[in-house]
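Just below is one structure, and these are the notes that go with it.
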Amino acid sequence: MFNIRALATINILVQGLLLIGVLISVFLARKGQLDKHCVVMRVAVGLQLFTIFSLMLPAMLGYLKHPGQEAFQIEMLVHHGLGALVVLLWIYINLAVSRRVKVAGQLTTYMWSAFTIWSAAFLLGLYLYFQLFVLQ
């Protein structure tokens, strides 16, 4: 139904662009341009959510259907679990910024945690991509 390799390749390209956007956002935050930082992050997360549902989820479901790839499937589920955690952190951060929830601790701690977890998910995603399409 879906060309998994094409979906994965498009996703890697989009993730590279998102990485650039997130790094620009970090730069903006460090320069005190928090309004611009928030705009860039909201666009990045919106694009991330779009890629999750349009590219990653169909590819993941395709791979989870094949028996005999248990180690790979576990790695993929860890990758997606990290991504889900980042989305939950993003929701919390946005609720905190809009003062809908009270922040437990420093908000920047949550932001750096989201960045670190997203980076780990990104690196694991690259590893999975290389396992599937480059090293075979």
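Structure notes:
- Residue within region 72-91 that is farther than 25 Å from Val134 by Cα and in contact (Cβ under 8 Å) with a residue 40 or more places away in the chain present: yes
- Listed by first and then second residue, the pairs linking a residue in region 105-131 that is farther than 21 Å from His37 by Cβ to a residue that is of a type in the set (Val, Ile, Thr) and surrounded by 13 or more Cβ atoms within 10 Å (Cβ to Cβ), with Cβ atoms under 7 Å apart and 6 or more places separating them unless they lie on different chains, are Leu124/Val78; Tyr129/Ile12.
- Restricted to helices (runs of 4 or more DSSP H) entirely inside region 26-136, those with at least 2 residues that are at pLDDT 95 or above, under 13 Å from the mean Cα position of the chain (by Cα) and surrounded by 13 or more Cβ atoms within 10 Å (Cβ to Cβ) are 70-97, 107-129.
- Where a residue in region 1-20 is outside any helix (DSSP H, G or I) and its partner, wherever it lies, is of a type outside the set (A, V, I, L, M) and surrounded by fewer than 17 Cβ atoms within 10 Å (Cβ to Cβ), with Cβ under 9 Å and at least six apart: Met1/Pro58; Met1/Gly62; Phe2/Pro58; Phe2/Gly62
The values are calculated or read from the model by the stated rules, or taken from the named source; none is laboratory data. Since the structure is predicted, the reported quantities are computational estimates derived from the model, not experimental observations. Positions of Cβ are generated from backbone atoms using ideal geometry, with glycine treated the same way; all protein chains shown enter the neighbour counts.
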